[in-house]
């Protein structure tokens with residue numbers, strides 16, 4: 001696991017010294033992603049520089065050093081990730097005459113892209129990856145991101161400059177790109193607690209979307225292309241549903257899960273697993289243990305607050321499986337000591353409060369191992385969130401008499417400004433807050449289940465545009481009316497929306513940044529694309545058979561872990577932010593949300609924020625709304641500090 005960065009000055013008017021200084025500063029800002037070694041490659045004639053920080057997992061020798069070039073220097077790769085089936089591809093390449101120097105997956109990927117082409121190669125890969133591949137002869141740079149979006153990749157192009165990286169931090173350190181805050185991205189944060197792709201917090205800097213590649217030529221021209229489309233996979237699976245015996249399907253899923261887990265257990269460093277005691281992490285741990293000749297290492301975090309502590313459940317599962325289990329209980333004081341530091345781990349504001357326990361779990365795990373398997377992705381792939389069922393039930397009850405539907409739809413068609421003016425005609429005692437947003441959200445119940453899901457289950461602030469000064473709310477990927485026709489089943493629809501939005505932009509961001517903050521590689525076997533493709537072909541209704549979420553995954557798990565150790569109400573991986581904001585975090589929160597401060601900064605409307613804070617302090621629960629605002633304010637404050645960089649040695653290669 002590593003960090004990559006680079007830039008291309010299309011004018012090629014910089015000295016070698018200038019290129020080296022820039023790329024060195026950018027590369028070393030990602031020291032925590034790759035503390036073991038680093039390298040840079042500079043091509044003065046082209047104005048191009050690549051940088052890499054390495055966390056050694058496979059092939060710890062110098063043969064795995066990056067940026068890596070072919071012997072003739074034509075092709076160069078700068079790669080972050082793990083390809084679990086690279087030995088299969090390597091055998092094919094060897095049969096075609098390629099001779100390898102080491103045994104790293106980097107070298108396999110380099111020669112595969114050189115010989116077969118980038119797109120043909122990545123379609124054969126099973127793994128998580130983000131990389132830059134350079135063809136010096138064609139003067140073409142290709143940026144690629146994996147299917148599910150496990151590994152991050154940012155990029156931006158302005159005038160005669162292209163910059164990219166695994167994080168935003170190196171991009172801010174290039175020196176020739178003024179980083180203006182993207183107000184639309186801030187509105188997106190207030191809408192859903194994360195910044196949706198392809199936006200980033202900075203104007204002109206984009207997230208490369210999962211399953212996409214971006215080709216850049218020396219003349220500055222760009223071509224973005226989707227090489228793997230989850231919607232196409234879903235449609236194909238539904239048109240070719242599996243037939244036959246359910247037991248055989250569960251056997252097939254068991255085999256796929258075993259293989260996904262086993263392939264992710266290959267490492268030349270100590271390895272373990274996160275374990276919460278829930279369905280997903282327990283399945284991963286169970287399949288690890290049955291394929292290991294010694295007790296695997298498992299890790300869990302506990303909290304003293306009732307309702308937030310999963311540690312006893314994890315311990316019970318670990319005891320049954322016979323793992324070498326480590327747990328750590330965090331006091332409120334210890335946890336809250338970390339909260340003000342969260343902004344330093346995330347290059348852009350991020351407000352999923354489970355970021356805290358994820359970081360604490362990663363920190364505990366890194367004391368013992370370098371790589372850990374996680375159960376993330378199980379809820380999205382196997383339909384596990386309670387909100388899916390709540391949304392389906394609420395949407396089904398949204399029918400009203402025709403005259404009421406007509407009235408609501410007519411009102412929703414009016415401009416928001418006009419609706420808000422009409423609202424002001426009502427007495428204050430009965431005047432609804434955010435009337436325009438409420439009417440439009442309610443109208444969506446009749447016409448657009450995708451919009452209904454976003455409004456009723458995903459949205460935090462009802463009207464983010466009124467909160468963020470000068471902003472509009474961004475559209476989420478695939479949340480559009482046409483999706484309702486393609487996926488008429490509302491459970492499958494909302495599950496898909498989360499798979500292409502919430503999963504890559506929230507869950508995987510959280511895990512990547514929290515684990516990389518402590519130089520831990522996190523692997524996610526449930527997001528093996530073969531599992532996703534298989535699940536789409538299961539018979540209709542099988543994921544929720546008998547009203548039970550994740551039905552096929554549970555059937556696999558119960559082969560290894562007794563049902564009574566798993567069956568319990570679903571518990572989120574969170575912390576009691578609501579109580580802490582009224583107690584130990586109150587002074588910090590009030591300082592960040594002080595009205596005059598908000599007015600000076602000019603991003604958030606204090607007349608909207610401050611009443612919500614007062615309502616929460618008075619006992620109402622607005623923790624999610626406030627956490628979005630607080631995390632933005634904390635990030636904004638962190639930006640005023642000097643950049644967090646490390647002066648570490650880098651191996652320098654100058655292109656011929």
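A few comments on the model shown:
- What the pair-distance distribution of region 2-228 shows, using all Cα-Cα distances binned every 10 Å from zero, is 8, 35, 38, 16, 3, 0 percent.
- In units of the rule-of-thumb radius 2.2 N^0.38 Å, region 60-107 shows an alpha carbon radius of gyration of 1.13.
- Shape of region 460-537, Cα gyration tensor, a/c cut at 1.5: oblate
- Share, in percent, of DSSP beta bridges within the chain that are antiparallel, nearest 5: 75
- Percentage relative contact order, region 142-207, counting C-alpha pairs under 8 Å, at least six apart: 28
- Rounded if a/c under 1.5, otherwise prolate or oblate - region 546-656, Cα gyration tensor axes: oblate
- The residues 461, 588, when put in order of fewest to most other Cβ atoms within 10 Å, stand as 588, 461.
- Going from the residue with the fewest nearby Cβ atoms within 10 Å to the one with the most, 293, 647, 229, 259 rank 293, 647, 229, 259.
- Our estimate of slack between residue 646 and residue 579, defined as 0.36 nm per intervening residue step minus the Cα-Cα distance, is 20.4 nm.
- Length gained when the stretch residue 387-residue 425 is fully extended (0.36 nm per residue, less Cα-Cα span): 10.1 nm
- Residue 235 paired with residue 637, simple spin-label distance in nm, labels 7 Å along Cα-to-beta-carbon: 4.9
- Prolate/oblate/rounded label for region 577-638 (Cα gyration tensor, a/c 1.5): prolate
- Of interest is the spacing of the C-alpha centroids, which for region 255-289 and region 171-230 amounts to 32 Å.
- Value of relative contact order over the chain, rounded to a whole percent, pairs C-alpha under 8 Å and six or more apart: 18
- R0 of 51 Å, Cβ-Cβ distance residue 246-residue 94: FRET efficiency to nearest 0.05: 0.80
- Ranking of 324, 628 by neighbouring Cβ atoms within 10 Å, starting from the fewest: 324, 628.
- R0 of 25 Å, Cβ-Cβ distance residue 223-residue 472: FRET efficiency to nearest 0.05: 0.35
- Cα→Cβ-extended label distance, 7 Å offset, between residue 530 and residue 158, nm: 4.4
- Mean separation of Cα contacts under 8 Å (6+ apart) over length of region 2-228, as relative contact order %: 19
Bear in mind that the values in this text are calculations on the coordinates, not laboratory data. Small disclaimer: the values here were computed from a predicted structure and weren't measured. Cβ: placed from backbone, ideal geometry, glycine included. Neighbour counts: every protein chain shown.
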